[in-house]
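Trainee: Please read through the structure below; I'll follow up with questions.
The values are calculated or read from the model by the stated rules, or taken from the named source; none is laboratory data. On a predicted model such as this, the values are computed, not experimentally measured, just so you know. Because the Cβ atoms are built from the backbone with ideal geometry, glycine has one as well, and the counts that use them run over all protein chains shown.
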Amino acid sequence: MKRRSLLMAPAALAAAVPVFAQSRTPRTTESQAGTATGNESFPAFDLRHYGADPSGAAASDEALAAALRACGSGGGRIRLPAGSYSFLRPINLSGMRSIIIEGDAGTTAGAQAATRLIYQGSGDGVFLSLNSAVGCQLRGLQISHSSPQFRGTYVKCSNTGSNDPAFCGLFDCVLGSAANPTVTHVDLDKCIEFTAERCNFIAGNPSVRGRSSGAYSNAIRFRDCQWADSRAVPVLNGGQSWTFEGCAFEGLHSGAAGALYCADGSTAFNGLVITGCWFGDANAAGTWIDICGNGVFIAGNYFSGNARGPAAISLKKSVGVQVTGNLFDQLLVGLDFAQAPCQDIVIQGNIASAVGSGFRNTENIPTGSFVWAPNYGFGEPGRAHQRLATTGYVADAAAGVLRQWGTTPVPGGGSHRVEFPIKFPAECLNVVATLAGGSASIVSVSALTASSFDASVQGGSSGAVLSWQALGR
């Protein structure tokens, strides 16, 4: 069963959520801002006490403004019990400290929060501004919009001149609306120390924006989040020290694969960790991870799609990338070294099943910068999958050469073209070949290129196997 069927359909995001009856009478007084109540770090301000309408019929802008004034400079926790709260104007938490806006997500385990924040504005502005805020969080909320004319951003967390926003985050939230799926969910340009946990991002275009060209976005973490029905690759541009842990990326609305993307080094992912994530349900072309990245660790993930279209990982001018312990399933290409130079690349301990080509464009890796250790299932492109103990590639950094080896079935005598598993970056220097199979034969090698050689067999029997080793640079 496809995971998409387990998710809430985007259209349901625009539907009204029933208002739940409250089992207790709203408080008539509030605790003094900045004082703890029981074991709570901050007092809880019930937004209904300030005139909020949980039916969504009347806007709750003034109620939230009053609650924020009550919190004061010491911060506070504003509770929005189950219901729909509409807002005509943006919510501005810029420069604030320790404000937590909290809804009821526990009743649905975060898959669909029982508390909805609905923005009724239009244009390309920002609904929730956390610019230069410190310690502000959104918890247990479903954030959406109702106007098809809104083309902006739900949450923006940036440095607008006073200080970097830090220690802000999203927890147990749902972001997205079918009203007009052309919005950005979270903009993290010039943001530091931001965390999103157990969030569901739906129909983003894109969903998450990292740094702008030449700017920064540092220490950003996504844990146990999922992206579905995205109208563009959900994570656009990176920053320094980004982490994705235990997340799920569905195929795009178009059916294509796509999770992380940046065009060049000006928006590169530097210090990127992707562990325990799931990439699947893509039935068209595309690439799951298509980045320029430096200091990248990709481990323990599952990449899938179909054998005719998607690629798992594409690297452009990337340095210091380790890909280990991943499962590649039903893909056209496992790893594509799309733009030179890609240096200090380590690929080891991975498993492939029904992958058309394990690797592509290896000529974009300089001699001595590639370690391809045993990877089960990555064989020669277009051939049955096999262990790299049979077909392999290793760099001798001290000698400045590359060595490849392999086996090729020979249907009989004559000339046979043999393609190298990996194209040499510059040239092939020498090939040594022998023929196994029990019959007397002579093998000669000619027409050496960076990608292939010709083996001429005299006296070979059908079913024999040609074993060869090649040196190049």
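Trainee: From 214, 210, which residue is touching a residue at least 40 places away in the same chain (Cβ under 8 Å) and either in contact with a Phe, Trp or Tyr (Cβ under 8 Å, 6 or more places away or on another chain) or of a type in the set (D, E, K, R) (or both)?
Mentor: Details: 214 fails: either in contact with a Phe, Trp or Tyr (Cβ under 8 Å, 6 or more places away or on another chain) or of a type in the set (D, E, K, R) (or both).
On inspection, the qualifying residue turns out to be 210.
Per-residue answers, yes or no, for (1) touching a residue at least 40 places away in the same chain (Cβ under 8 Å); (2) surrounded by fewer than 20 Cβ atoms within 10 Å (Cβ to Cβ):
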position	(1), (2)
301	no, no
314	no, no
317	yes, yes
336	yes, no
350	no, no
355	yes, no
363	yes, yes
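Trainee: Hey, can you tell me all the residues within the range 258-299 that are crowded, with 18+ Cβ neighbours inside 10 Å, among the aliphatic types (A, V, I, L, M) and assigned to a strand (DSSP E or B)?
Mentor: If the condition is that a residue be crowded, with 18+ Cβ neighbours inside 10 Å, among the aliphatic types (A, V, I, L, M) and assigned to a strand (DSSP E or B), then 259, 260, 272, 274, 289, 291, 296, 298 are the ones that fit.
Trainee: Being among the aliphatic types (A, V, I, L, M), touching a Gly at 6+ places or on another chain (Cβ under 9 Å) and closer than 18 Å to residue 235 by Cβ narrows it down to one residue among 263, 285, 311; which is it?
Mentor: Details: 263 fails: touching a Gly at 6+ places or on another chain (Cβ under 9 Å); 285 fails: closer than 18 Å to residue 235 by Cβ.
After applying the criteria, what remains is 311.
Trainee: Identify the single condition in (1) touching a strand residue (DSSP E or B) at 6+ places or on another chain (Cβ under 6 Å); (2) part of a loop (DSSP other than H, G, I, E, B); (3) closer than 12 Å to residue 268 by Cα that residue 233 does not satisfy, given that it satisfies every other one.
Mentor: (3)
Results for (1) modelled with pLDDT of 85 or more; (2) among the acidic types (Asp, Glu); (3) in a loop (DSSP other than H, G, I, E, B); (4) under 24 Å from residue 466 (Cα atoms), shown as yes or no for each residue.
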| site | (1), (2), (3), (4) |
| --- | --- |
| 307 | no, no, yes, no |
| 335 | yes, no, no, no |
| 378 | no, no, yes, yes |
| 389 | no, no, yes, yes |
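Trainee: Continuing with the same structure: Checking the conditions here, which among 213, 241 is over 12 Å from the mean Cα position of the chain (by Cα), surrounded by fewer than 19 Cβ atoms within 10 Å (Cβ to Cβ) and part of a strand (DSSP E or B)?
Mentor: Numbers: 213 fails: part of a strand (DSSP E or B).
Of the residues listed, the single one that is over 12 Å from the mean Cα position of the chain (by Cα), surrounded by fewer than 19 Cβ atoms within 10 Å (Cβ to Cβ) and part of a strand (DSSP E or B) is 241.
Trainee: Hey, another quick one. For the range 57-85, which residues satisfy the criterion of being surrounded by fewer than 20 Cβ atoms within 10 Å (Cβ to Cβ) and over 28 Å from residue 163 (Cα atoms)?
Mentor: 57, 58, 59
Trainee: Let me ask another. Residue check: is residue 172 surrounded by 20 or more Cβ atoms within 10 Å (Cβ to Cβ) and acidic (Asp, Glu)? So that I can check it myself, show each step before the final result.
Mentor: Numbers: surrounded by 20 or more Cβ atoms within 10 Å (Cβ to Cβ): yes; acidic (Asp, Glu): yes.
Here the answer is yes, as residue 172 does meet what is asked.
Trainee: Something else now. Take the residues in the range 273-305 that are over 17 Å from residue 328 (Cβ atoms) and among the small types (Gly, Ala, Ser), then tell me which one is modelled with the lowest pLDDT.
Mentor: The selected residue is 284.
Trainee: Taking the criterion of being at pLDDT below 80, of a type in the set (Val, Ile, Thr) and either touching a Phe, Trp or Tyr at 6+ places or on another chain (Cβ under 6 Å) or assigned by TED's automatic domain parsing to the domain that holds residue 312 (or both), would at least one residue in the range 442-456 satisfy it? Give the steps one after another, and end with the answer.
Mentor: If we filter the range 442-456 for residues that are at pLDDT below 80, which is where we start, we get none.
No; the residues of the range 442-456 include none that is at pLDDT below 80, of a type in the set (Val, Ile, Thr) and either touching a Phe, Trp or Tyr at 6+ places or on another chain (Cβ under 6 Å) or assigned by TED's automatic domain parsing to the domain that holds residue 312 (or both).
Trainee: Which of the residues spanning the range 65-84 are of a type in the set (D, E, K, R) and part of a strand (DSSP E or B)?
Mentor: First, pick out the residues of the range 65-84 that are of a type in the set (D, E, K, R): 69, 77, 79.
Of everything in the range 65-84, those that are of a type in the set (D, E, K, R) and part of a strand (DSSP E or B) turn out to be 77, 79.
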